[in-house]
Amino acid sequence: MARILVLCSRTPYPLVGGAKVRLFNTARLLADDHTVDLLVVDESPVDQSAVSALDEAFDDVTVFSYPGYRFHLNTVPGLASRRPLQTHYFSFSAVERWLDGNLRKYDLAFCNHVRTTEYVRGYDIPKVVDFVDAISRNYEASGEHAEGIWRAIYPIESRRLLRYERRIAEEFDHSFIITEEDKRYVEGSSRYESLSVLPNGVKGEILERGRDDAEPDAPEDGARLVFLGKMDYFPNEDAATFFAESVFPRVRADRPNAEFLVVGASPTERVRALDSLPGVTVTGFVDDPVDYLEDAHVVVAPMRHGAGLQNKILEAMGLGKAVVTTPLGREGIDAESDEHLRVGETPDELARQVVELLDDGAERERIGRRARERIEERYTWEEIRPRLLGRVNDVLG
């Protein structure tokens, strides 16, 4: 049994959002075979009840929290650096001192995100990183729609991130990433034997709820369509706006009383404005977003930007829901269109897929059932466990 330090770029609890779910569960799986401590760097205030929950799950938890402005100030030296601003953003001398005094007692450092890798690059210790997404790819896509100073920053940061991701993949003993598409983007014309795909898993309670969930009947003239996501994240903001403004009116032409619910915390001003559109409701933060997925007749995920695997789609599929998404939204998910979900790209295509599912309850139920079966086969944390532990145990020797 080895002693592993997991460096966390956020507090991985409560399990709200795909990033926290992935961070918590990968650390928990490591703890099945090893002693795992967490080192958390996060913006203050940190929820102490969350830290208490982590203390119960892991051997030791050390938290460094700072006000948001400190993170932003850290990026100033990075403007003249070749390193990504992401690595400067999370750079604190107190964390470096703690590592100087403590890292030697660990057998392996497991970094979450490129934000934490700079802390351990100089240490002679086995190192593994979970990139999660290809952040460079995400920044490249976001730069196409950025405004103001971000229009200049995003392309520069994207290039810096790609160089850095490749350097880390070469230097670290092993690197994980969430989809094949992200892996190919980071590799480019090269191949990194130490870089492998590790998809997300779905929480067990999602699958339990999905088994018991009765498919709601769609009224003849209406239906509930749900989009779920953290609503200050640009790809989610764009997807919700695109659907509300360009797709949903086409659905309402067939279903005049249909509702579109945008569910998720921190809606931007642009997202809040959607609430004024006919049939659209922006909920903001809700205590249990899964309740809204369960009540949906169709879950929509019309993603046009971003990278990585969409946890919102996995969870909806795990609940046995019919999902309508885009080719980008399906990316990284081993699911076939018309078998496990529906895929469209243009407003007309997406609207047609939604209306067809609303008109055919048996097809909606079949798609949902096959979706849940696919999640149970390939996207549970128990299925992912040997892929994670096998690679980590190989590094430990």
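FYI, it's all coordinate maths here, none of it is from the lab. In this text the structure is predicted, and so the values were computed from the model without any measurement. Ideal geometry is used to build each Cβ from the backbone, glycine not excepted, and the neighbour counts take in all protein chains shown.
Okay, helix-only estimate at 222 nm for the chain: each DSSP H run of n ≥ 4 adds -39500 (n - 2.57), divide by all residues, round to 500 deg cm²/dmol; what do you get?
-13500 deg cm²/dmol
Roughly how many Å is it from the Cα centre of region 71-116 to that of region 270-317, as a whole number?
Comparing the Cα centres of region 71-116 and region 270-317, I get a distance of 33 Å.
Given an 8 Å cut-off on Cα distances and at least 6 residues of separation, report the relative contact order of region 204-378 as a percent.
Relative contact order here is 25 percent.
In nanometres, what is the gap between the two model label sites at Ser266 and Glu96, each 7 Å from Cα along Cα-to-Cβ?
Output for this residue pair reads 2.7 nm.
Roughly what would the spin-label model give for Arg366 and Glu180, points 7 Å off Cα along C-beta, in nm?
My value for the distance between the label points is 2.6 nm.
Would you kindly state how much longer the chain becomes between Met1 and Asp124 on full extension, computed as 0.36 nm times their sequence separation minus their alpha carbon distance, in nm to one decimal?
On the way: separation 123, 0.36 × 123 = 44.28 nm, distance 1.96 nm.
So the extension gain works out to 42.3 nm.
Between the alpha-carbon centers of region 45-63 and region 343-378, tell me the distance in whole angstrom.
Computed from Cα coordinates, the inter-centre distance equals 39 Å.
What do you get for Rg/Rh of region 204-378 when both radii come from the Cα atoms and Rh is the Kirkwood radius?
Result for region 204-378 is an Rg/Rh of 0.92.
Compute, for region 204-378, the length of the dipole vector about the Cα centre, with Cβ point charges of +1 (Lys, Arg) and -1 (Asp, Glu) only. Units Debye, rounded to 20.
400 debye
Would you calculate the convex hull of the Cα atoms in the chain and tell me its volume per residue in Å³?
137 Å³
Residue farthest toward the positive end of the dipole of region 117-205, with Cβ of Lys/Arg at +1 and Asp/Glu at -1: which of Phe131, His174, Tyr192?
Toward the positive end, the furthest listed residue is Tyr192.
Find how much the distance from Ser337 to Glu187 grows on full extension, using 0.36 nm per residue of separation minus their present alpha carbon separation; answer in nm with one decimal.
51.2 nm
Quick check: the angle from helix 361-378's long axis to the longest principal axis of the chain, C-alpha only, nearest 10 degrees?
10 degrees
Per 0.36 nm of contour for each residue apart, how much would the distance between Asp33 and Ala57 grow if the chain were fully extended, relative to their Cα-Cα spacing?
Difference between extended and current length: 7.3 nm.
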